[in-house]
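These notes concern the structure reproduced below.
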Amino acid sequence: MIGVSQFRGLMANRQVLRTLVERDLRVRYAGSVLGWVWTVLDPLLMALVYFVVFTLIFTARQAGHQPYFLHLVTGLFLWQWFAQNMSETSRALLSEARLVRSANLPRELWVVRVVLAKGVEFVLTLPVIAAFTIFYMITGQTKLHWTIVLIPVSLVLTFLLSVGIGMILAPVTVLVNDMARVVRIVLRLGFYATPVLYSADMAPPVLQTLLALNPMSGILELFRSGFFKGEMNLLSVASAVVLTIVLLLVGSVVFKRLEPAVLKEI
Amino acid sequence: MAKPVIEVRNLGIEFYRSRRRRMSLREMVLKRQNSAPSDTFWALRNISFDVAKGEAVGLVGGNGSGKSTLLRMIAGVMLPDEGHAKVRGRVAPLIELTGGFLGELTARENVYLAAGLHGLTKEQIDARFDEIFDFAGPQVQAGMDMPFRHFSSGMQVRIAFALITTLDQPVVLVDEVLAVGDRAFREKCYERMENMLSGGKTLFLVSHSEHDLRRFAERGLYLSSGELKGDGPIDEVIAQYNADADADAAS
């Protein structure tokens, strides 16, 4: 079965995986004074900018879920994790070329390691989301729903989806020079093709169907459902689950196929 | 008879002569196909041999004969296009020594991380930590908490060599690293290699130094333009290599 042996290889090396993730976090936080603040600051400032633009300048009555600022914060934080996964996994093999060349480890490890490290950073930002939620609850602008328990599900899906796409991006970037640029452009477009700023139910029906084909759209739906009232779009959630599994399988096939060529190039 | 520690069968690896593999998207879209010629060559082909436990094998051959490629495939960091190279037991690769080290972290952190990459648990590293730094020498010991990039390159290699040889893996691959380090340290390295050999480790050595080869290896493998030309006692193989090299020089 595809992927099973790869999964076993990763499990056998989970100690190494842990070491690598710890190293990533240590390097990331050792070199900077503000450390964690940077991870939070970027999406928080962007949320502020969008909030000002859409509610104060355009004065859109219905920009997304209400309260809109919480809608932005939840969306931007999760999107930031996903977007960083994409740009970092595409460089995962190249940037660690020396290590890839000198250590005999399952090469998938380099992809998983990036997603995990970024995931830890993301989880560390969750208290910020919690703080805003508590603030809006106290001021009576929102209340939590039972669907809040779906948050872990959405995080697992983001993780698997990122690993799946990452296993395609990492080897292709080694073999095709300009892949990194393509990733950057697709990410920028993908940001608007994902209901980060808006919510999917505001879009006209045709666009809603298109949005359902974007796995991040369903994942965001799951992630946000506990914070806001309103029906969950089950179609896009189902499509997100299916697409995640498909991409994971495609990713592991592509990775295995390209591995020998990548090791010659690196 | 015990199974061989290293088993290489019909090993072959093919490389592109041009940079074809490094494709550019613009090229693919605009020209529909790759402009670069697609001829390939076999860097190694039809290589078969066994290495038994405790054997010390020296790999001989000119530049570009495929020695390092062979070593990489045995280490598992390159995958063959034909055949297989199987190793029973873990490998301590003295190939790209400082590959797993990061300049920003201290020497101490680096040792933990690199040893972790080679599969050691934290307790195992704790137990060997002093041994590693004893071997690397007093100057290194004094700077244990200094960022790794502040060490001189010789010192960096010392730490890496000390670490990898302390891993205690049954198979040791050495690619031309004995030339590093000053005289005193080189002697220490030789001593350690001899200890490893007498401790029953299997050694696979690539070197251009006849002195090193004769000192450590009993058996030699001679590679020439991707083929295995000789396999026998190290003295004979060196003689064969020298005769070939002289013949080439004369013609």
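The values are calculated or read from the model by the stated rules, or taken from the named source; none is laboratory data. Note that the structure is predicted; figures quoted are calculated from it, not measured. Please note: Cβ atoms are built from the backbone with ideal geometry, for glycine as well, and neighbour counts cover all protein chains shown. Heavy atoms of the whole protein, side chains included, go into the accessibility calculation; ligands, DNA and RNA do not. Shrake-Rupley method; radii C 1.70, N 1.55, O 1.52, S 1.80 Å.
Points worth noting:
- Elements of type helices (runs of 4 or more DSSP H) in the stretch A:132-233, at least 3 residues being out of contact with any Ser or Thr (no Cβ under 6 Å at 6 or more places or on another chain) and surrounded by 14 or more Cβ atoms within 10 Å (Cβ to Cβ): A:151-175, A:179-192
- Scan of the stretch A:40-64 for residues that are at pLDDT 85 or above and not aliphatic (A, V, I, L, M), ordered by number: A:D42, A:P43, A:Y50, A:F51, A:F54, A:T55, A:F58
- The one condition in (1) touching a helix residue (DSSP H, G or I) at 6+ places or on another chain (Cβ under 9 Å); (2) facing another protein chain (nearest Cβ under 10 Å) that A:A12 fails to fulfil: (1)
- Among the residues making up the stretch A:234-266, those that are open to solvent by 20 Å² or more (accessible area, probe 1.4 Å) and among the charged types (D, E, K, R) are A:K256, A:R257, A:K264, A:E265.
Residues are listed down the side, and each one gets a yes or a no for (1) within 30 Å of B:E7 (Cβ to Cβ); (2) away from every other protein chain (no Cβ under 11 Å); (3) touching a residue at least 24 places away in the same chain (Cβ under 8 Å); (4) open to solvent by less than 40 Å² (accessible area, probe 1.4 Å):
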position: B:T106; (1), (2), (3), (4): no, no, yes, yes
position: B:N110; (1), (2), (3), (4): no, no, yes, yes
position: B:L117; (1), (2), (3), (4): yes, no, no, yes
position: B:Q141; (1), (2), (3), (4): no, yes, no, no
position: B:R149; (1), (2), (3), (4): no, yes, yes, no
position: B:F161; (1), (2), (3), (4): yes, yes, yes, yes
position: B:R186; (1), (2), (3), (4): no, yes, no, no
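- Pairs linking a residue in the stretch A:23-42 that is within 14 Å of another protein chain (Cβ to nearest Cβ) and closer than 25 Å to A:L109 by Cβ to a residue that is in a loop (DSSP other than H, G, I, E, B) and open to solvent by 60 Å² or more (accessible area, probe 1.4 Å), with Cβ atoms under 7 Å and 6 or more positions apart or on different chains, are A:V27/B:E104; A:A30/B:E104; A:G31/B:E104.
- Identity of the residue in the stretch B:55-80, away from chain A (no Cβ under 14 Å) and assigned to a loop (DSSP other than H, G, I, E, B), that ends up surrounded by the fewest Cβ atoms within 10 Å (Cβ to Cβ): B:N63
- When residues of the stretch B:119-139 are limited to those that are under 21 Å from A:D24 (Cα atoms) and surrounded by 14 or more Cβ atoms within 10 Å (Cβ to Cβ), the one nearest to the other protein chains (Cβ to nearest Cβ): B:G119
- With respect to the conditions (1) within 14 Å of chain A (Cβ to nearest Cβ); (2) assigned to a loop (DSSP other than H, G, I, E, B); (3) at pLDDT below 80, B:R32 lacks only one, and its number is (1).
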